[in-house]
Structures are given as structure tokens and as C-alpha cells.
Amino acid sequence: MKYFRQAALTTALALGSSAAMACEVTVGVVMELTGPAGVYGQAGAKSIEMAFRDLNEAGGVIDGCDLVTDTRDSQSQGNVAVDQATQLVNIKDVPVIIGGIISSVSVPILTSVTAPAMVVQVSPASSSPTLTQLGREGKTGGYFFRTITSDALQGVAAAKYARDSGLDNLAIIHVNNDFGVNLMREFSAAFEAMGGTITSITPYNENQPNYGSEVTAALGDDPEALYLISYPVDGATIARAWVSQGGPQKYLLNDGMNSTDFIEAVGAKFLEGAFGTSSGTTETDSTKYFYANYEEFSGGIAPSAPAADRSYDAGAIVGLAIAKAGVAEADAIRDAIRAVVDPAGEPIFAGAEEFRKALALIAEGKPIKYEGVIGPVAFDEVGDISGPFRLWKIEGGEVVTTGQMTTEQVSEAMTAMAQ
């Protein structure tokens, strides 16, 4: 098969033994290793490597072949991501691409590369509602999946958290890309439906040395707080400008901003009490395993780093799906992805020991249900998942979980908005 790469490991020696052979199944990975979202991509890439290591230690896939990654840096730019994904598909013939992290990378990969080529794409952290819409319009061919909830839900969760925390009005500064625009729209509609007031909405373009004019515009109507929809690097530049111009030190932050890099760059004392939302987890044995082992494997990245947990799940689901498919071909892998999270299957958790059990069940033709680091996973018809939201605050320079908003609570809020 064209997706296999075989390499001789040893040659026949004096005793005339047969040459031992080892095979590899290559999965493409396009991650934001540098640029504004670099901290997410670095964590995500390590998580995928960890999942593949665990699967390889469990015995590998398709007659014991090792899973390996061909990892490319999108530089947090859509055009670079498309170029890298094109090389992976057209030259390396990969049947699957994991990535990107941010929606402004994942969307162009999907529309320009994976969907037209009918190659599976799994994003660990791209939350734009645009991806849902593309699926509903039949433009993904069923080849796209993601292990994060849509911003259509996160916007409602963030608005409810803000209102429950006593915020009556705020300004919004958001990154001017697919992710930022969609989250801003979903949040604004929900916040206003819940009785809040948006004093101003200010977009910004990425990678600028200074955002003083954007901050000045946002402060014009005297907001009591700032909702900053950003990434750690640009977000820190904006927050410092906000502080220097005397903006109120009350912040609501999006999921990717629960970053130690962001906190250190701004200064913990200026962010004390800032709060935000992230896609949450329902603790399983996979969660415990990941939190106990990831930091050592990754060389010091915290298991709570944005995108780390759900990237492990993306890697585990892809690897198990390849084993279930029995061939490294995109159509078979696409169909097998839902099969490895079968609600009627034997529960399987993270780690080599659990994966060994999973591979044995697959070999016997029995169903499995991978329950991930983020909790049990179930994909809908367009490859989306649902789940809880983590509520957090910055206290003493650390991100501290303060609670969880369930899927049911978000649904209730959405129902109330519609009435």
C-alpha cells in the first residue's frame, strides 16, 4: 500500500537469518509550532507523539507497524499551513492530517487540501462554527472531525459566566480572523440577550508591534471590563497597552489565554481575578494517566496547557482508527473513527496497557469505546463533539479552575435566549 514505508533494520548475518523488517504508518501533523499560537502547537505536537508512543508500545497498528508523524510548522498562518498540508498529501501520501490548532489554519487546510483530496483531518482545538457550517453544507465529505466544542457553545458559556460574575457591560477586542470574529458574534448575541451591554467591538490584525490605537478605541465608552479574544503573544501586547492607558483591570478571556506565557508577559498582578472559559473535561482514567505522565514526556509542558489534553485524544483516536480500519487508507480510517468511540463498545482509556487491550479487542472483531483525556467522545454527523466548559480564574499568577458549566446548562441558557 502506498501509505506504508518499509525499511530494513538488520541484514542477514553469518547464521543466514532472514532480514528483519519493520514498517511505519505515517500520519501528517500540521501544528502552529511558531507564531502567535506557537505555545498551543508545541503542546499539541508533543501530545500526539505521546499517544503514538503509547500505541506503538502496545503493539502498533496493522500487523505491528509503528505510527510515526511527519510534523510541519504552519507558523500560525493559513497560507503556510496549506502549503505544508499539500506537501503531506501530494508528496507523502498521508491518509490523515492532524491539525491545525487554530481555526484560521484548520479551515484553509480543510477547504483547500483535505476535503478536495478526500483525506481525513482531525483538529484538536479549532472551535470556529464555520467548520460546523462547512459540514452541514456537505463541503467536508465527512472527512473532518474535531476534539473540541464549537464556539457557538463557548460564546454562550462565556456570556453566562460573565453575567453570573456580575459584569453588566464590557468592551471586546478580538483577533480579526475566522475564530475571533465567530466567537465575538456568538458571545455578543448571548451577552446582550442576557441583559448585558457591549460598549464597543474592536478587531485587530495579528503580529503588530503595538495595539495602542485599538485599546484607545475600546476604552472610548468607559467599559467596566475587557473581553479579550486573542492568543498569548498578541494578547499580552494588547493587555499591556490596556494597563498603560488606565483601562479597568477586569478581564474576561477566551480559552487559549489560560497560558503561563501570557500571564508572565503581562504581569500577574495586573491579571489578578481575570476569568475565562475553556472546553472542559469529564474526568476519566485517561485524564488521570495524562496528568500523571505528560509533563515528563513533553519535557516540562504542563498537562493543563491549552490543546494538550484534546491533542492526545486526537492522536489516540486516529491511531485506534487506523488499527480498526486495517489499512492506512483515508476512507477506511474515516469510517473507523466513529467505530473506536462506539457507545456500545468496551471502555478503553489512555496508555499502552489500555491500548494493548484495545488492539486485542479490535483483532477479535469486538467494539471499543475510547474514553479520552477530555472525557467520553462522541462525534455528530459533521464531526463535532459536545461537552462541558471549564470555568477558571487567574489567582496569584496561576490559572485556577473555579467550576464547570455542563452541556445541559449551556443548552438551557440557549433555550432561554430564544424565548
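The values are calculated or read from the model by the stated rules, or taken from the named source; none is laboratory data. Every value quoted in this text rests on a predicted model; they were computed, and no experiment measured them. Note that we place each Cβ from the backbone using ideal geometry, even for glycine, and neighbour counts take in every protein chain shown. Only protein heavy atoms, including side chains, enter the accessible area calculation; ligands, DNA and RNA are left aside. Shrake-Rupley method; radii C 1.70, N 1.55, O 1.52, S 1.80 Å.
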If we keep only residues of the range 153-180 that are open to solvent by 30 Å² or more (accessible area, probe 1.4 Å) and part of a helix (DSSP H, G or I), then the residue farthest from Ser411 (Cα to Cα) is Asp178
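Restricted to the range 136-152, and to residues that are in contact with a strand residue (DSSP E or B) (Cβ under 9 Å, 6 or more places away or on another chain) and surrounded by 23 or more Cβ atoms within 10 Å (Cβ to Cβ), which residue is nearest to Ser386 (Cα to Cα)?
Going residue by residue through the range 136-152, those that are in contact with a strand residue (DSSP E or B) (Cβ under 9 Å, 6 or more places away or on another chain) are 140, 143-149.
Those still in the list that are surrounded by 23 or more Cβ atoms within 10 Å (Cβ to Cβ) too: 143-149.
On the way: Tyr143: 18, Phe144: 15, Phe145: 12, Arg146: 10, Thr147: 9, Ile148: 8, Thr149: 6 Å.
Restricting to residues being in contact with a strand residue (DSSP E or B) (Cβ under 9 Å, 6 or more places away or on another chain) and surrounded by 23 or more Cβ atoms within 10 Å (Cβ to Cβ), the top hit is Thr149.
Check the range 308-331 and report whether any residue there is aromatic (Phe, Trp, Tyr) and over 29 Å from Val94 (Cβ atoms).
Restricting attention to the range 308-331, the residues satisfying the condition of being aromatic (Phe, Trp, Tyr) are 312.
Within this subset, residues satisfying the condition of being over 29 Å from Val94 (Cβ atoms) are none.
Among the residues of the range 308-331, not one is aromatic (Phe, Trp, Tyr) and over 29 Å from Val94 (Cβ atoms), which makes the answer no.
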Flagged in the range 180-213 as under 22 Å from Asp168 (Cα atoms), modelled with pLDDT of 95 or more and touching a Ser or Thr at 6+ places or on another chain (Cβ under 6 Å), in numbering order, are Ile198
Next on the checklist: So for the range 56-63 (the condition being at pLDDT 95 or above and in a helix (DSSP H, G or I)), does at least one residue qualify?
Outcome noted: yes
Among the residues of the range 280-301, the number that are modelled with pLDDT under 95 and either outside any loop (DSSP other than H, G, I, E, B) or exposed (fewer than 15 other Cβ atoms within 10 Å of the Cβ) (or both) is 1
Per the list (1) within 22 Å of Ser279 (Cα to Cα); (2) touching a strand residue (DSSP E or B) at 6+ places or on another chain (Cβ under 9 Å); (3) in a helix (DSSP H, G or I); (4) modelled with pLDDT of 95 or more, residue check on Ala236 breaks on (2)
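Please pick out the residue among Arg240, Arg338, Arg310 that is basic (Lys, Arg) and in contact (Cβ under 8 Å) with a residue 60 or more places away in the chain.
On the way: Arg240 fails: in contact (Cβ under 8 Å) with a residue 60 or more places away in the chain; Arg338 fails: in contact (Cβ under 8 Å) with a residue 60 or more places away in the chain.
That would be Arg310, the only listed residue that is basic (Lys, Arg) and in contact (Cβ under 8 Å) with a residue 60 or more places away in the chain.
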Residue pairs within 6 Å by beta carbon, gap of at least six or interchain, first lying in the range 195-217 and in contact (Cβ under 8 Å) with a residue 40 or more places away in the chain, second among the acidic types (Asp, Glu) and surrounded by 12 or more Cβ atoms within 10 Å (Cβ to Cβ), listed first then second, are Glu206/Asp234
